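None of the figures in this text is laboratory data; all of them are computed from the coordinates on show. Just so it is clear, the model here is predicted, and its values are computed rather than measured. Please note: Cβ atoms are built from the backbone with ideal geometry, for glycine as well, and neighbour counts cover all protein chains shown.
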Amino acid sequence: MELPLYQIDVFANRRFGGNPASVCPLQEWLPVETMQAIATENNQSETAFFVPTSDGYELRWFTPTVEVPLCGHATLASGFVVSTFIAPSSHAMRFQTKSGRLDVMRKGDIFTLDLPAWPSIPTDLSVELTVALGAEPEKLMRAGDIYLAVYATEDEVRILSPNMAKLASLPMMGAIVTAPGRDVDFVSRFFAPAIGIPEDPATGGAHCTLIPYWSERLGKNDLHARQISRRGGELFGRLAGDRVMLSGRAVLYLDGRIHL
């Protein structure tokens, strides 16, 4: 069996920037064990698989170690693949997922994701998390099993060097760190070693929590964000009620075939 495979650099306007996602279009679902094996072999933060339905596509995401309930950048990458290779006339793609319906809109080279907002609530500072991150934040928030650690300056976020083993041992899926940006509204980084992603380069799902937080703090709905990982990522977000509209660019890096 041969399957198409694409690798897209997301939230970037150049190759080798943003967050790479593998995308594998299917005609019908493979066994979960096979999809997990493909994702492990790809060794990207996420591999997306989708199958056509009567009104769009069903979409699932796998890290190198587990299936996850939401991945923003791999959803955008899937919209890129559909609108570039499968149905080039498409400007709106509909995906059914474990997090509900997700839409991707394309206008020129800009892709916009319609994602659920995941607001955070204040929580007590954690000594264990502070030690794992390497510096104490000004405040700590939580959205489900994701922590949001807020720092005073961009430089504090940039120089963090977390202890990944300690982070992975904590009872959480991941940790977002964030601060006001010098030339954007805010910056962030995202660490999730517990699910096989030590640092994610540019994370759509994290902005489901970041956009509501910074929208309230800054008093505006339209926000310009930068994820200051080594590869970097540029994102534009808008809070629309209980939804986050997240926009960015994407670039094709690779297309080929998987041999099973």
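Per residue and in Å³, how big is the convex hull formed by the alpha-carbon atoms of segment 91-172? Before the final figure, lay out each step's value.
Working: hull volume 12.0 nm³, N = 82.
In segment 91-172, the Cα convex hull volume per residue is 146 Å³.
How big is the chain by Rg and Dmax over its Cα atoms, in Å?
In Å, with Rg to one decimal and Dmax whole: 17.6, 53.
Mind pulling the angle between the C-alpha long axis of helix 207-218 and the longest principal axis of the chain? Nearest 10 degrees, somewhere in 0 to 90.
Relative to the chain, helix 207-218 is tipped by roughly 40 degrees.
For the residues Cys71, Cys208, what sequence is obtained by ranking on other C-beta atoms within 10 Å, fewest first?
In increasing order of surrounding Cβ atoms, one gets Cys208, Cys71.
Size of the dipole of segment 20-159 about the Cα centre, Lys and Arg at +1 and Asp and Glu at -1 on the beta carbon, nothing else charged, in debye to 20? Don't skip to the answer; put the middle values down first.
Numbers: 9 positive and 18 negative charges, 101 e Å.
Using Cβ point charges on Lys, Arg, Asp and Glu, segment 20-159 gives about 480 debye.
Set Lys and Arg Cβ to +1 and Asp and Glu Cβ to -1, take the dipole of the chain about its Cα centre, and tell me which of Leu239, Trp61, Met173 lies farthest positive.
Leu239
Per-residue ellipticity at 222 nm for the chain, helices alone: DSSP H runs ≥ 4 residues times -39500 (n - 2.57), over residue total, nearest 500 deg cm²/dmol?
Numbers: 6 runs with 52 residues, N = 260.
Counting only the DSSP helices, I get -5500 deg cm²/dmol.
Explain nothing, just the number: dipole magnitude of segment 121-241 about its Cα centre with +1 on each Lys and Arg Cβ and -1 on each Asp and Glu Cβ, in debye rounded to the nearest 20. It would help to have the intermediate numbers written out before the result.
Details: 12 positive and 15 negative charges, 40 e Å.
In debye, rounded to 20, segment 121-241 gives about 200.
For the chain, what is the charge dipole size about the Cα centre, in debye to the nearest 20, if Lys and Arg each add +1 at the Cβ and Asp and Glu each add -1 at the Cβ? Numbers along the way, then the final one.
On the way: 23 positive and 29 negative charges, 95 e Å.
Using only the charged Cβ atoms, the result is roughly 460 debye.
Pop out the Kirkwood hydrodynamic radius of segment 13-80 from its pairwise C-alpha distances, inverse of mean 1/r, in Å to one decimal. Don't skip to the end; give the middle numbers.
Values: mean 1/r = 0.0820 Å⁻¹.
Evaluated over segment 13-80, this radius sits at 12.2 Å.
Mind checking the full-extension length gain between Ser169 and Gln96? Use 0.36 nm per residue of separation minus the Cα-Cα distance, one decimal, nm. Please report the intermediate quantities before stating the final value.
Working: separation 73, 0.36 × 73 = 26.28 nm, distance 3.22 nm.
Going from the current span to full extension adds 23.1 nm.
Count the DSSP beta bridges whose two residues both fall in the chain, then state the antiparallel fraction as a percent rounded to the nearest 5. Write out the running numbers ahead of the final one.
On the way: 67 of 81 bridges.
Within the chain, antiparallel bridges account for around 85 percent of the total.
Of Ala135, Val150, Ala202, which is farthest along the charge dipole of segment 121-241 in the positive direction, counting Lys and Arg as +1 and Asp and Glu as -1 at C-beta?
Checking the options against the dipole of segment 121-241, the answer is Ala202.
Which residue, chosen from His259, Asn163, Pro20, occupies the Cα position most advanced towards the positive end of the dipole of the chain, where the dipole is computed from +1 (Lys, Arg) and -1 (Asp, Glu) charges on Cβ about the Cα centre?
Pro20
Lysines within cross-link reach of Lys107: Cα-Cα under 16 Å, excluding same-chain residues under 8 positions apart?
none
So how much slack lies between Leu254 and Asp109, counting 0.36 nm per residue of separation and subtracting their Cα-Cα distance, in nm?
Details: separation 145, 0.36 × 145 = 52.20 nm, distance 1.77 nm.
Extra length available between Leu254 and Asp109 comes to 50.4 nm.
Just tell me which lysines come within less than 22 Å, Cα to Cα, of Lys139; anything on the same chain fewer than 8 places away is out.
Partners within reach: Lys166, Lys220.
Based on other C-beta atoms within 10 Å, arrange Met1, Met173 from fewest to most.
Numbers: Met1 8, Met173 17.
Placing the least packed residue first, the sequence is Met1, Met173.
If you find the alpha carbon centre of segment 108-139 and of segment 233-249, how far apart are they in angstrom?
15 Å
Within the chain, what's the longest stretch lacking GluC sites (Glu not before Pro) that sit in DSSP loops with no more than 14 other Cβ atoms inside 10 Å? Display every interim value, and only then the final one.
Values: sites that count: Glu28, Glu138.
Excluding the exposed sites themselves, the longest stretch runs over 139-260.
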